[in-house]
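Let me begin by presenting the structure, written as structure tokens, before commenting on it.
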Amino acid sequence: MFSVKLKPSMSYTHETVPTEFIAAGGVRYAYRRFGKAAKTPLLLLGYFNSNMDAWDPAVTNGLAKEHDLILFDNAGVGASEGRTPSTIVGMAEHCWAFCRGLGLQEVNIVGFSLGGMIAQQMGLEHPALVKRIILLGTGPRGGEGMTFTELSAEEQADPVAFLLGAFFTTSEASRNAGRQYLKRLESRKENRDRPVSRVSAVAQLAAIREWGTIPKTERFAYLKQITQPVLVVHGNKDIVVTPINALLLAENLLNATLIVYSDASHGAQSQHSQLFLGHTRLFLSGGS
């Protein structure tokens, strides 16, 4: 028997919301849902080698004050069962199955890095479901320097060093923000998610590299078919996904707004969490 909570609860926070499970398309998916009841839930899709615990509580708790928030482990990731696909298209198919399983009629999506690639694919393939998209530290299919030849499935063997080095710059202000971020990641004490397996990480890496391969023709043509409003958020010193990719998204998407945070790397939304929450509030309310 699977436990399914179809409505969010304001009594929960990032630290206390229970992990729920739902079976859809033959896969048992893990998710957490909390926040303010709303017509359009906010679905969060995470980065490479991350699970639901990897979201910054400053961001999730801030968003949950005004939104019905859903954290989600894709197939084979964390506490979800199934096999992790080795393509972004395959990951989007699982995301679609999960949304259908929960009976969601429409969603807004926040996609961080790998999650931003899935969010683009979801917006492309399911325009009736996806209303608005927020892309964090990600880039387009065939973007600049996005095959990540130096990345490995063991990249987070030392997670503290990895997150500080990749998500924050070398400035003292950014490093201080990074240390506070790392403390927040430990704030959930009970019912923590399962680590991402090496098998899943290898599949994710294959999907990322396939996404980053530059096509022979019509490099960014697919972006013209994504018609939803999109907010592109990036750090001006992102060493994981170089900032030129944010500009490429903004230039080629039909309805995009670009925000670049100063002295910030891959974790720009965490370093500048209050600014990000304010910009997100304006964007999701329909403001420009």
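Can you give the extra length, in nm with one decimal, that the chain gains between LYS224 and PHE148 once fully stretched, where that is 0.36 nm per residue apart less the Cα-Cα distance?
24.9 nm
By the gyration tensor of its Cα atoms, with a ≥ b ≥ c the square roots of the eigenvalues, what is the shape of region 68-154: rounded for a/c under 1.5, prolate for a/b over b/c, or oblate?
It is oblate, given that a/c is not under 1.5 and a/b is not larger than b/c.
Among DSSP bridges having both ends in the chain, what percentage is antiparallel? Round to the nearest 5.
30
So how exposed is GLU150, as accessible area in Å² (1.4 Å probe, rounded to 10)?
130
Over the chain, with every protein chain in place, what whole percent of the accessible area is carbon and sulfur at 1.4 Å, could you tell me?
Carbon with sulfur: 54 percent of the solvent-accessible area.
Under 5 Å between amide H atoms, partner at least 5 residues away or on a different chain: which partners does TYR261 have, H built in plane at 1.01 Å?
HIS234, GLY235, ASN236
Keeping all protein chains in place, calculate the accessible area per residue for region 1-91 (probe 1.4 angstrom), answer in Å².
Per-residue value: 37 Å².
Treat every Asp and Glu Cβ in the chain as -1 and every Lys and Arg Cβ as +1, leave all other atoms uncharged, and give the resulting dipole magnitude about the Cα centre to the nearest 20 debye.
Using Cβ point charges on Lys, Arg, Asp and Glu, the chain gives about 640 debye.
What are the DSSP H helices in the chain that stretch 15 Å or more along their long axis, judged by alpha-carbon atoms, and whose average Kyte-Doolittle hydropathy comes to at least 0.0?
Taking the DSSP H segments of the chain (at least 15 Å long, mean hydropathy at least 0.0), we get 88-101, 114-125, 198-212, 273-284.
If a/c stays under 1.5 just call it rounded; otherwise compare a/b with b/c (prolate if a/b is bigger, oblate if not). Do that for region 116-274, with a ≥ b ≥ c from the square roots of the Cα gyration tensor eigenvalues.
Prolate.
Leaving out ligands and nucleic acids, and using a 1.4 Å probe, what accessible area per residue does region 192-261 come to in Å²?
Result: 50 Å² of accessible area for each residue.
With the Cα gyration tensor of region 84-124 giving a ≥ b ≥ c as the square roots of its eigenvalues, does the rule (a/c under 1.5 for rounded; else a/b larger than b/c for prolate; else oblate) give rounded, prolate or oblate?
Oblate, since a/c reaches 1.5 and b/c is not below a/b.
The values are calculated or read from the model by the stated rules, or taken from the named source; none is laboratory data. If you're wondering where the values come from, they're calculated on a predicted model, not measured in any experiment. So basically every Cβ, Gly included, is an ideal-geometry build from the backbone, and we count neighbours across all protein chains shown. These area figures cover heavy atoms from the full protein model, side chains too; ligands, DNA and RNA do not enter into them. Shrake-Rupley method; radii C 1.70, N 1.55, O 1.52, S 1.80 Å.
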